[in-house]
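Report on the structure given below.
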Amino acid sequence: MQKSQINVTTENIFPVIKKFLYSDHEIFLRELISNAVDATLKLKTLAAVGDFKEELGDLTIRVKLDKKKKTLTVSDRGVGMTAEEIDKFINQIALSGAEEFLEKYKKDANAIIGHFGLGFYSTFMVSKKVEIITKSWRPDTKAVKWSCEGNPEVVLDEVDKKDRGTDVVLYFDDESKEFLEESRIEEILNKYCRYLPVEIAFGKEKEWKDGKMIETGKDRIINNTRPIWIRKPSELKHEDYINFYKELYPTQEDPLFYIHLNVDYPFTLTGILYFPKIKNQFEIQKNKIQLYCNQVFVTDSVEGIVPEFLTLLHGVLDSPDIPLNVSRSYLQSDSNVKKISSHITRKVADRLQDIFKNDRKEFEKKWDDLKLFIEYGMMTEDKFYEKAGKFALLKNTEGKYFTFEEYKNLIRENQTDKHKNLIYLYATDKEEQYTFIDAARSKGYDVLLMDGQLDVHFLNHLETKFKDSRFVRVDSDVIDKLIEKEDLGESKLTEEEKEDLREVFLSAIPERDKFMVVFENLSETDSPVMITQSEFMRRMKDMSALGGETGIYGNLPDSFNLVINANHPLVKKVMEEKEKKTGTRISKIKEKIEPLKKTREELEKANKDKKEEEIPQADKDRISELEKKIGEYDEKRKTILRDYAAKSKRVRQMIDLALLANNMLRGEKLNAFVKRSIELL
Ligand code: ADP
């Protein structure tokens, strides 16, 4: 028996391991099995180059639980270690600047393990004692047993072991009893070891016999040693990709597309990325991509490794060149990671471009599902924007798809306004905005359908990219104002007439505070009354709603324009009717208001050049008295107009039609409208 010391610069590494590596205890098993896999692969290499000449035999790695002894054993038939190698590889641990580093990364066991090459020692997170029984592949070496009880004193013995390879035996401590459960070990194996390149056996296969599950004599292999991402794309069929997807995400619908990555210079990267089919925005999930390092699962948080928009994809990436045991902020500045990230972006764009070129029909069919990823990518990665600009599509309200270039050519002639801006008209809801879409189409304009989750953000982005172009929603103004061609003619209504009509129409609208009346000189064939909402205001509200914030725009109440077509015969009719019903009463009031206004004007004129404090108090009082009187008369005028409007079926009908066109007529008001329409018929 030989006693020796673990060589570390800190007094005692074990309390440190226990104290700091409190999270992620389960990774001890990943570390042990990775070591066993490495030892096995090393032996295969030695055999391949002819250094190892004996039979390789069964290379299965075995994981065994012994509930009575409270142990777990991982056995391999790899290279094994000699006593000298144990001393060199296991006993010597360099821990320079350890405490400082541990303090910094105490929540990240991966970083600590990677930094110190502490893989094997992570077993002490869960064990009170660990034994290594190992025999080297080299001829004429003796088997040795190393054992350690969680303190710097280790014992090395010669033992009997016929077979080459290594058994590591863990004696679990009292806090780690969970790992004695078969199901817990199975879960960990499934998570980290599912695609390791050497077969791993845990327990026996079970089968149904006489209505019971019984164990067969056959080893249960828990991993698939040749997952499809390491195979050649030429060996694989479409079903293989779909089956693998189902294996990774059993509850997901079939993916839209997949991309097989296979790079070996200047870095090594394999993997398969899938575009998932997303039914609604609650399903959007980041971090579904699994990251592997030589087939060992490392993490499913790929932020910082792939561009943000690709974190929405699914699948597997495998690269030994991604420094995994470092902090995220370090990752982002690593040059390999940068190369990998831009390579993936390029590959994704190339693949999409291929599909677009080779099978545009198929691409269009999937576009509605696909566009979320592409729009997100184009908004967040300029490089991707450049590439995707060639195949990204715009869909119009008739369901036709166009590339940016195609669409520009389609509308250039007809939708350029007098300021030389190209106006892209869009709708967000084909049904609700139907009247406006129809009005635009009857002018020969085309209307895009922008009803996706990101579309509002996306068109903001396009506006910054497209030269001399604007996007306007079809219902944000009357069509002749959206695409201004030539100046509209003089108004046929006088200011006075407008003032009366303003009150007439406003009074017929529910929630009139939300409306501003605007008069436009449109053509006789345009609608008489319309409701629009300013593009700017609505977009600001939409954006803050999407962002989940209630900024100043989010808090603004809705505000609409009530547009009255001053040239429409129906408006003229209302004018005439109003004159007939209210004319004399209103002109009497106006006669009373006139002299009051005149007096007020004179007073104001006299005091025009004076400062506020120089104006005589008497004048001030008189002005406010006059204003009060004018207000009272004006209120009378409005009351008369309101009474008229309330009785005028024509006015009510015109307003209701405008509300109806915007899907704003509901409930009781809608009911009243229907009844009134029947009466009028
Ligand atoms: P790492 O694996 O990162 O080098 P470890 O602490 O896990 O760090 O292992 C240290 C060394 O011990 C390994 O590099 C290897 O040489 C040796 N070793 C560990 N486990 C085995 C094993 N099962 N068979 C042979 N050698 C092993």
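The values are calculated or read from the model by the stated rules, or taken from the named source; none is laboratory data. Bear in mind the structure is a predicted one, so any value in this text is a computation, not a measurement. In this analysis, Cβ positions are derived from the backbone assuming ideal geometry, glycine residues included, and neighbour counts consider all displayed protein chains. In case anyone asks, the SASA skips ligands and DNA or RNA and just uses the protein heavy atoms, side chains included. Shrake-Rupley method; radii C 1.70, N 1.55, O 1.52, S 1.80 Å.
Residues in the range 133-160 that are open to solvent by less than 40 Å² (accessible area, probe 1.4 Å), away from the ligand (no atom under 13 Å from the Cβ) and in a loop (DSSP other than H, G, I, E, B): 150, 152.
To keep it simple, each residue is scored yes or no on (1) within 24 Å of residue 353 (Cβ to Cβ); (2) under 23 Å from the mean Cα position of the chain (by Cα); (3) part of a strand (DSSP E or B).
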{"position": "378", "(1), (2), (3)": "yes, yes, no"}
{"position": "385", "(1), (2), (3)": "yes, yes, no"}
{"position": "395", "(1), (2), (3)": "yes, yes, yes"}
{"position": "407", "(1), (2), (3)": "yes, no, no"}
{"position": "426", "(1), (2), (3)": "no, no, yes"}
{"position": "431", "(1), (2), (3)": "no, no, no"}
{"position": "437", "(1), (2), (3)": "no, no, no"}
{"position": "445", "(1), (2), (3)": "no, no, no"}
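Taking the criterion of being open to solvent by 80 Å² or more (accessible area, probe 1.4 Å), part of a strand (DSSP E or B) and free of Cβ contacts under 8 Å to residues at least 12 places away in the same chain, the residues of the range 207-262 that qualify are 207, 208, 209, 212, 213.
So is residue 600 out of contact with any Leu (no Cβ under 9 Å at 6 or more places or on another chain) and open to solvent by less than 90 Å² (accessible area, probe 1.4 Å) or not? Here the answer is no, as residue 600 does not meet what is asked.
Across the range 236-266, the number of residues qualifying as over 21 Å from the mean Cα position of the chain (by Cα) and either modelled with pLDDT of 95 or more or of a type outside the set (Asp, Glu) (or both) comes to 17. Tell me which residues, restricted to the range 504-530, are under 22 Å from residue 644 (Cα atoms), surrounded by fewer than 20 Cβ atoms within 10 Å (Cβ to Cβ) and touching a residue at least 60 places away in the same chain (Cβ under 8 Å). Answer for the range 504-530, where residues must be under 22 Å from residue 644 (Cα atoms), surrounded by fewer than 20 Cβ atoms within 10 Å (Cβ to Cβ) and touching a residue at least 60 places away in the same chain (Cβ under 8 Å): 507, 510. Taking every residue in the range 618-641 that is in the same structural domain as residue 584 (by TED's automatic domain parsing) and pairing it with any residue that is open to solvent by 90 Å² or more (accessible area, probe 1.4 Å), at least 6 positions away or on another chain, the pairs with Cβ-Cβ distances below 7 Å are 633/592; 640/585. A count restricted to the range 125-171 and to residues that are closer than 21 Å to residue 31 by Cα, touching a strand residue (DSSP E or B) at 6+ places or on another chain (Cβ under 7 Å) and small (Gly, Ala, Ser) stands at 4. Inspect the range 347-361 for any residue being part of a loop (DSSP other than H, G, I, E, B), more than 17 Å from the chain's Cα centre (by Cα) and over 17 Å from residue 260 (Cα atoms) and give the result as yes or no. Yes, there is a match, as at least one residue in the range 347-361 is part of a loop (DSSP other than H, G, I, E, B), more than 17 Å from the chain's Cα centre (by Cα) and over 17 Å from residue 260 (Cα atoms). Out of the residues in the range 26-55 that are surrounded by 16 or more Cβ atoms within 10 Å (Cβ to Cβ) and not in a helix (DSSP H, G or I), state the one that is nearest to the ligand (Cβ to nearest atom). Among those that are surrounded by 16 or more Cβ atoms within 10 Å (Cβ to Cβ) and not in a helix (DSSP H, G or I), it is 52. When the range 161-193 is limited to residues that are crowded, with 19+ Cβ neighbours inside 10 Å and in a loop (DSSP other than H, G, I, E, B), the one that is farthest from the ligand (Cβ to nearest atom) turns out to be 193.
Of note, residue 272 satisfies the criterion of being buried (at least 19 other Cβ atoms within 10 Å of the Cβ), in the same structural domain as residue 335 (by TED's automatic domain parsing), hydrophobic (A, V, I, L, M, F, W, C) and modelled with pLDDT of 95 or more.
Within the range 49-68, the set of residues being in contact with a Ser or Thr (Cβ under 8 Å, 6 or more places away or on another chain) and of a type outside the set (A, V, I, L, M) comprises 62, 64, 66.
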